[in-house]
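Only one structure is covered here, and it is reproduced in the block below.
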Amino acid sequence: MIAESATTPVLEARQVRKTYRRGAIATEVLKGVDLTVARGEFLSVVGASGSGKSTLLHLLGTLDQADGGEVRLDGERIDNAGARRRDRLRNQAFGFIFQFYHLLPELSALENVLTPLYIASSAWAWPFRRADAVRRARALLERVGLGHRLDHKPRELSGGEMQRAAIARALISGPRVLLADEPTGNLDEDAGAEIARLLRALNAEEGLTIIMVTHNLDMARSTDRVVRLTHGRVDLSPTVLGNRPAPGGYHSPNDGGDRLSLDRRPASMAVLGAGASPPAHPEVFGVGHFPQR
Amino acid sequence: MYKLVLCWRYLKTRYLALVCVVSVMLGVATLIVVNSVMGGFSAKLRDRLHGLLSDIVLEAYDFDGFADPEGKMRRIMDDPLLAREVVAMSPTLEIFAMLQFQFRDTPVTKPVRLVGIDPPTRSAVGGFSEYLTDPARRDKPGFWMDEAARDRFERQKRPEPLVFTPLGNPDEPPPPEAPKPTPKTTQGAILGYAIAHFRDRQAKAEDGATRDRRTLQPGDEVVLTTVSGAKLAPVYDRFAVVDYFRSEMSEYDSQFIFVPLEHLQKLRSMEGRVTSIQVRLRDYDRAPAVVARLKEIFVRDSLDVQTWEEKQGAVLAAIRVEKGILNILLFLIIAVAGFGILAIFSMIVVEKTRDIGILKSLGASNWGVLQIFIAYGLLLGLVGAALGTLMGLAITVNINEIEHFLARATGQDIFPRDVYYFDRIPTEIQPLAIGLVNLGSVGIAVLFSILPALRAAMLHPVRALRFE
């Protein structure tokens, strides 16, 4: 159904605009943003407060609706989709994690991870899907290092553990893109570093496309590409990140140099020092693997 | 599936919502208990109103009554519809009268309703022999005197005329139709219980119930004065008390006196005439058809045909109105519970704003979020109604024990047994009423959860996620 090709960016924003209204005051937060994200890319979005980074993330993931421009997923427009389609996209195509982990307090870690599957399934169908779903959830929680915390409620988990559970939840439906809004903003240095490591591992080992909004320039530096937003627009001026150019467009897979290429596995293994193993948990992470697409 | 999981989980963890459950429970329990007790009282009252009256009464319009009751009864049985539906009939002669007797050498005068009956047929019609206080008379009712009564009567018989004079001006010549005042067979009379007894509130028996004092014993003599048929001339005669009639309806027990029909007819110069025919039906549901048929048959006779309900129309209507108003007022209790739900749900929605944002970011639809909260209201309503029904039924079934306990604990007499004649609080469990109460309370719970649910459904995900 989706025209997947090696050159179609998984996510694309064209001249996206967003204005917020508070009473009589209207603030134009995004003033025409262009962005393309390649499959398997780990992209950071940085910028000052109020520059519109979180807003851009929400618009990309159909959590909010743009006032102008287009958003395309695998080439297909999603910004003008109906409510039902957008709900389904958020349930299956996108995974969100936020600065505040937003786990549902009444549910255990396992149940929190299962929540997107609860949403996707009717009560009648659930008994048939339950076993498989629980297996996947357990595997994911193991993957993020929470195998021993399955039945704990959020109030019994540390900040880092909660964020890891949130990551597992965001991935249970096998999304095409993980959208992370300041994932380490509320964590201390060690916990934050762990999360950063986890995200890099997921991107490297499973090929997960990640778009991360962050204030942390060190974290941004470790990603494939950094996009800076200034006053609601992509900043095309040279960045202060050092020898890393601030690209504004799409880079072909053959672009070499000091950039990580898109065929990344061996190179990323070298950079991160992780074991050169094939993608772990394909039954969990196989993008496009789940039938309920 | 997530709606079910969350709904159930909210029910188990939100203790504040238990307040909603409790208020629905109390409202439902109250309504059920009140409906059952009122139903019981009302059913007993209906029984008693019906008690003395037969299913259908054919009545004369005036004191002179109508002739040939046997012929009329034959005409009734000749009709095929009526022959099927009519089980028993009894002619009676009813008139107002004055009762006079001596109590501790003081003359006592009371206005009464004098009814001449034929005991066998009158019992067949029902509402008579079962109320007689003499057990021997319940199977074979009659005006005979037993040994003890006869002894007493003989001892009291006076050779001279009675000390007091019957009604009428003593200067006037004696009424032309007065019967001879000396020895002949004195007829028996069955007195309403309250005519011959009074409640002595001061005297208490061992079990704490008040005692009844007797003013007239079986065998005592009484004089009944009334008017004759056509000419309305005063007539009187002496009777001996043989038994009492106790229906626990003061209207009857304090006014009615039964005497033999033939004797009363002769006394009133109304031989062969009666004022009413009482009719008992096989199935009271068929009464309208029977009444219509009777009216057709007796259209040229000066007779009124009525069911007992039509005769007692006013009282029954009053009971119905009372019940209706009481139900409406009590339903306000549940409406109050509804406002509680509205308030608490609004609080819960505010509390869960970020959670709702997260659910939407995970792909939950607005409609789905709406369903969660409405289902939550429905669940609270169902649990509250179920518990309330159990509680209401438990109280109803044990109401007498509860009343005893409360009376002992507070020292107050909650259900004074001398006000009502029954010694147990009557209850009648009405499944229809219980069903309606449950339906109504669940409906209110759902109704009052709609507004907060709508608010939750309309929350914008980004704003919800940022909610502090």
**Item:** Integer Hz, Karplus 6.51/-1.76/1.60 couplings in order for the stretch A:137-152, x for Gly and Pro
**Value:** 5, 4, 4, 4, 5, 4, 4, 8, x, 10, x, 8, 10, 4, 9, 6
**Prompt:** What order do you get for B:CYS7, B:CYS20 when you list them from fewest to most C-beta neighbours inside 10 Å?
**Reply:** B:CYS7, B:CYS20
**Complete:** Projected onto their principal axes, the Cα atoms of chain B stretch, largest extent first, over whole-Å spans of 109, 57, 40
**Request:** Can you spot the aspartates and glutamates whose alpha carbon is less than 20 Å from B:LYS12's alpha carbon? Ignore those fewer than 8 places along the same chain.
**Result:** A:GLU106, A:GLU111, A:ASP151, A:GLU156, B:GLU351, B:ASP355
**Prompt:** Classify the protein assembly as shown: rounded, prolate or oblate, from the alpha-carbon gyration tensor (a ≥ b ≥ c, eigenvalue square roots; a/c under 1.5 rounded; otherwise prolate if a/b is larger than b/c)?
**Reply:** prolate
**Cα gyration tensor shape of the stretch A:141-193, rounded if a/c is under 1.5, else prolate or oblate by comparing a/b with b/c** = oblate
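Among B:ILE334, B:ILE450, which comes first, then next, by fewest other beta-carbon atoms within 10 Å?
B:ILE450, B:ILE334
Would you mind giving the mean number of other chain beta-carbons within 10 Å of the Cβ of each residue in A:95-107, as a whole number? Don't skip to the end; give the middle numbers.
Numbers: counts 2, 6, 1, 6, 1, 4, 1, 8, 2, 10, 5, 10, 5.
So the per-residue partner count for this stretch is 5.
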**Message:** If I histogram all Cα-Cα distances within the stretch B:7-121 using bins 5 Å wide from 0, what percent of pairs lands in each bin?
**Reply:** 2, 8, 9, 11, 10, 9, 8, 8, 6, 5, 5, 4, 4, 5, 4, 2, 0
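Filter chain B for me: DSSP H helices, axial length by Cα at least 30 angstrom, mean Kyte-Doolittle hydropathy not below 1.6. List them by residue number. Before the final figure, lay out the partial values.
On the way: long enough: B:15-52 (56 Å, 1.32); B:313-351 (57 Å, 2.04); B:366-397 (46 Å, 1.73); B:431-458 (41 Å, 1.74).
Within chain B the helices that satisfy the rule are B:313-351, B:366-397, B:431-458.
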**Asked** Among all the aspartates and glutamates, which ones have a C-alpha under 12 Å from B:LYS44's C-alpha, if same-chain residues fewer than 8 places away are not counted?
**Response** B:GLU248, B:GLU428
**Asked** What is the fewest-to-most order of B:TYR193, B:TYR376 by other Cβ atoms lying within 10 Å of their Cβ?
**Response** B:TYR193, B:TYR376
**Asked** Residue by residue, what Karplus-based ³J(HN,Hα) values in Hz, rounded to whole numbers, does the stretch B:228-245 have, using 6.51, -1.76 and 1.60 with θ = phi - 60° and x for Gly and Pro?
**Response** 7, x, 6, 8, 6, 8, x, 9, 8, 7, 9, 9, 10, 5, 10, 6, 10, 10
**Message:** Starting from 0.36 nm per residue, how many nanometres of slack lie between B:ARG138 and B:THR215 once their C-alpha separation is accounted for?
**Reply:** 25.4 nm
**Built amide H within the under 5 Å cut-off of A:VAL45, gap 5+** = A:MET212, A:VAL213, A:THR214, A:VAL227
**Complete:** In order over the stretch A:21-31: 3J(HN,Hα) from phi, Karplus 6.51/-1.76/1.60, θ = phi - 60°, whole Hz, x for each Gly or Pro, gives 10, 10, x, 8, 8, 10, 10, 7, 8, 10, 10
**Antiparallel DSSP beta bridges within the protein assembly as shown, percent to nearest 5** = 70 percent
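How much length would be gained if the chain were fully extended between B:PHE198 and B:PHE405, taking 0.36 nm per residue of separation minus their Cα-Cα distance, in nm to one decimal?
Working: separation 207, 0.36 × 207 = 74.52 nm, distance 2.95 nm.
Full extension of this stretch gives 71.6 nm more.
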**Asked** So which of A:LYS153/B:LYS352; B:LYS140/B:LYS231; B:LYS110/B:LYS231; B:LYS140/B:LYS311; B:LYS110/B:LYS140 end up more than 26 Å apart by C-alpha?
**Response** B:LYS140/B:LYS231; B:LYS140/B:LYS311; B:LYS110/B:LYS140
**Asked** How many angstrom lie between the C-alpha centres of the stretch B:90-121 and the stretch A:46-92?
**Response** 97 Å
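Counting partner chain Cβ atoms within 10 Å of every residue's Cβ in B:347-360, what's the average?
Mean shielding by partner chains, rounded to a whole number: 3.
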**Asked** Just the projected area, averaged over all directions, of the convex hull on the alpha carbon atoms of the stretch B:252-389: how many nm²?
**Response** 17.2 nm²
**Message:** For a quick check: with amide H placed at 1.01 Å from N, whose amide H comes under 5 Å from A:ARG39's, ignoring anything fewer than 5 positions away on the same chain?
**Reply:** A:VAL10
**Complete:** Amide H neighbours of A:THR230 at under 5 Å, excluding residues fewer than 5 places away on the same chain, with H built from the backbone geometry, are A:ASP235
**Asked** Can you pull out the trypsin sites (Lys or Arg not before Pro) in the stretch B:267-309 that DSSP calls coil and that have at most 13 other Cβ atoms within 10 Å?
**Response** B:ARG282, B:ARG300
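Per residue of A:114-123, count partner chain C-beta atoms within 10 Å of its C-beta, then hand back the mean as an integer. If you can, show how the numbers build up before the last one.
On the way: counts 3, 9, 6, 3, 9, 11, 5, 2, 3, 5.
For peptide A:114-123, the averaged partner shielding equals 6.
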**Asked** Among the aspartates and glutamates, which have Cα under 17 Å from the Cα of B:LYS72 when same-chain residues fewer than 8 positions away are ignored?
**Response** B:GLU59, B:ASP64, B:GLU85, B:ASP118, B:GLU271, B:GLU296, B:ASP301, B:ASP304
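Laboratory data are not the source of any read-out in this text; all were calculated from the coordinates shown. The structure presented is a predicted model; accordingly, all values stated were derived computationally and were not measured. Every residue, glycine as well, gets a Cβ built from its backbone with ideal geometry; the counts of neighbours run over all protein chains shown.
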